[in-house]
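See structure below.
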Amino acid sequence: MVDPRQVLAGFLTLSMFVMLGNMIKHDHFTSVSELAVDATGVELNAMKIADNTEITKAGVELEATEEIKPCWTKPSPKDDQSNGFVTLSLTIGPEYHASQIADAVVIARYLGATLVLPEIRGNELGKSRKFQDMYDVEKFKMNLDGVVKVVDKLPAELTTKKPAVIRVPNRVTEDFILDTIQPAFQKNSFLRLAIIFSSMLGRLKELSKKSDGRVLAVDMRTDLLEKKTCKTSAGARRKGCYNPQEVLNFLKKVGFSANTTIYLTETWWHKGLNNLKRAFPHTYTKDDIMPAEKKGEFLNSGDSDLARALDLEVCSQTDVFVPAIPGMFYGNVAGKRIAAGLTQILVPAPVVGGSAQASDFVSTYITKKSHFAYSCYC
C-alpha cells in the first residue's frame, strides 16, 4: 500500500510547477500567442518528452522514456483545526519557488499547521516583495483548498513572538519531519522554514559547459568496498560493488568521452581515484566543488547525514546516474529520478569485448518498471 504522505508529496511535486506557472500574473509578460509558441515547437507542458527521443552526446545513446502521469487526485481534505503556523520566504528565483512551496505544504499538512502566505526575497539584502506582487493569491488558495489552510498573514498575537527557525533540505523526507521538524513544532507551534538547495549541481552544470555539456553522477564509496555492504561471509566481494578502476573501464566501454563531467559521491579525493581522473579529467568530489564557506557545515562537522543528503540531491538531478554500490541510496535516487522523468540510470557490469551499448546497462528499475515508484503512476 502506498503511504498517503508519499502520495501527497508526489502530487505536490508534480503539480506545483504547473500550478505556479498558471498563477503568475499575466500582466508581467507578453502573451503566449505573441511569443508564437507554435512556431518554436515548444510544448507548454515541461514534463512532456517526445516519443522515441534519443540523447546522443559523448557517444552514448539512451532512449528517453515517455511522460509518466500521476494516478492520484488531490489528497483528502484536512479538518479546519490548526495546530500552529508555518512561514517561509521564497528565495533564489522563480524557478525554485515551486519546490520551496511544495516542501512547505508537505510539512504544514503533516503537522496540521496553517501555511502563511510567503514573501519573496530578491538577491539583494533587504529587498523583498509580496507574494501577490508576482502570483495570483486566490488561485493559489483555491489549488490548496482542502490540502492545507492558507492565510494572508500571521495573527496579531504572533507578530511579536519569535519562531523556531528550521533549515530544511529541498525535497524534505518524512524522517526529517519526524526527527527534526515535529519536535520543534511541539515546543513552539510557530515555525519559520529555510529551504536549502545544494549549490553544487549548479557548479557542475557550469563546469560541464566547458566539456560535453552533460553531468554524470557516480555513487562510489570505496570505504564500503571492505565492509559488509560489499563483502560476503566468505570474504568475496558482493555483486553490484565496483571499485574506481572497474567503473572507469565500464564508462569507457559504453562510450563516455574523456570530456564527460563526473560527480563522485566520495567526500574527499584519495589516490585510489587518480586513474579515473586521468581518464576523465573533469571528475570531482564534494570537496572539489563545494564553496569554501559551506565546507565547515557539510564536510567538516562530523555529520555524514548532511553530506549524504547533498549526494542524494545531486544524483537525483544529473543527466545520468551510475550506482557503483548497491543499497537504499540507489533505490531512493532511482525513485526520485523516475518521478522526475530522469530515467538514465546505468548499472555497471563487466563488459566482454571491445565496446558495448549504454542502453544494455539501463537499470531494471527502469526496463522492468520494478521500482515501487511506478506503482504510483499510470
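The values are calculated or read from the model by the stated rules, or taken from the named source; none is laboratory data. Predicted model, so just to flag it, every value in this text is computed and none were measured. Quick reminder, even Gly has a Cβ in these numbers, built from the backbone with ideal geometry, and neighbours come from all protein chains shown. Side chains included, ligands, DNA and RNA excluded: accessible areas come from the protein's heavy atoms. Shrake-Rupley method; radii C 1.70, N 1.55, O 1.52, S 1.80 Å.
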Handout entry: For segment 200-374, projected area of the alpha-carbon convex hull averaged over all directions, nm²
Key = 10.7
Exercise for the section: Using a 1.4 Å probe over the heavy atoms of the protein chains, calculate the carbon and sulfur portion of the accessible area of segment 200-374 as a whole percent. Expected result: 52
Fill in the blank from the handout: In Å², rounded to a whole number, the accessible area per residue of segment 240-341 with probe 1.4 Å is 38
Exercise for the section: Principal axes first, then extents: for the Cα atoms of segment 281-378, list largest minus smallest coordinate on each axis, whole Å, largest first. Expected result: 42, 39, 20
Handout entry: Inter-centroid distance (Cα atoms) of segment 267-292 relative to segment 160-187, Å
Key = 34
Practice task
Determine how large the accessible area of Met200 is when every protein chain is in place; take a 1.4 Å probe and give Å² rounded to the nearest 10.
Solution key: 0
Completion exercise
Checking rank on 235-247, 155-167, 101-113, 184-196, with mean other Cβ inside 10 Å and highest first, the result is 101-113, 184-196, 235-247, 155-167
Practice task
With the Cα gyration tensor of segment 114-211 in hand, convert its eigenvalues to equivalent ellipsoid semi-axes via √(5λ) and list them largest first in whole Å.
Solution key: 28, 20, 15
Practice task
Could you rank the peptides 351-361, 262-272 by their average count of other C-beta atoms within 10 Å per residue, with the highest value first?
Solution key: 262-272, 351-361
